[in-house]
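In what follows, a structure is listed as structure tokens, so that the remarks can point back to it.
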Amino acid sequence: MILECIKIICTIKQTSLANPDAAVKRLLDNMKVKWCAYFTEFPPIYAIAAILDPGVKLKGLTNLLTFYYQQLDVQFDVPYYVNNCKRILERLCEDYGAVIQPQPIGSSMDGSGSSSSSSSSNIGIGEYLTYRFETEENFHIIQCWKNHSLKFPVLARIATDSCNSCFNNCLRVCF
């Protein structure tokens, strides 16, 4: 969603710069004002979905938002916003983790007395942010998270849910 917003605002800005017609410039300026009324600050779910894109993560989100606000000519505290979204994601990990893995470490789901979950199931946001994903030309984020659901079960569930939420919100905005 954030990348699509960047494309739209860049198109508005480039068209305005390239068009000498004063009436068109006024129209585009009005579009930009209206755009800013709705998209000056993104809902955190959009940022979380971007953080959970292995090709974006925190650094990529920071770069995207910095570029976006430069295009809007709007002052915005990007590092504060990104850190706040990271904290929200950390809280989501805790909440989801309690639901997805309700048994304490060392408990058994198979009755043998040994834990049936591996330590990798408890990998969180810090490990994800440093993990190097191999991406292919036909990268698909949902498939990526399915492939890594054993290593990052909580984040995989959050990623799937946030992608679905962003997609549904996008449909409501577009249609």
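Here are the numbers:
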| item | result |
| --- | --- |
| Test set (1) farther than 28 Å from Glu137 by Cβ; (2) touching an Asp or Glu at 6+ places or on another chain (Cβ under 8 Å); (3) not polar (S, T, N, Q) - Cys36 fails condition number | (2) |
| Search result, residues across region 130-160 that are β-branched (Val, Ile, Thr) and within 19 Å of Glu94 (Cβ to Cβ) | Val154, Ile158, Thr160 |
| Any hit, region 21-33, residues being of a type in the set (Asp, Glu), without any contact (Cβ under 8 Å) to a residue 40 or more places away in the chain and more than 30 Å from Thr130 (Cβ to Cβ) | yes |
| Helices (runs of 4 or more DSSP H) enclosed by region 1-77 - at least 1 residues per element that are open to solvent by 30 Å² or more (accessible area, probe 1.4 Å) and under 30 Å from Ser149 (Cα atoms) | 2-18, 44-51, 57-72 |
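For (1) open to solvent by 60 Å² or more (accessible area, probe 1.4 Å); (2) modelled with pLDDT of 80 or more; (3) of a type in the set (Asp, Glu), each residue gets a yes or a no:
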site	(1), (2), (3)
Asp95	yes, yes, yes
Gln101	no, no, no
Asp110	yes, no, yes
Ile125	no, yes, no
Thr135	yes, no, no
Phe139	yes, yes, no
Trp145	no, yes, no
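The values are calculated or read from the model by the stated rules, or taken from the named source; none is laboratory data. Fair warning: this is a prediction, and the values are worked out from it, not measured in the lab. A quick note on method: Cβ atoms are made from the backbone with ideal geometry, for glycine too, and the neighbour counts reach across all protein chains shown. Surface areas here come from the heavy atoms of the whole protein model, side chains and all, with no ligands, DNA or RNA. Shrake-Rupley method; radii C 1.70, N 1.55, O 1.52, S 1.80 Å.
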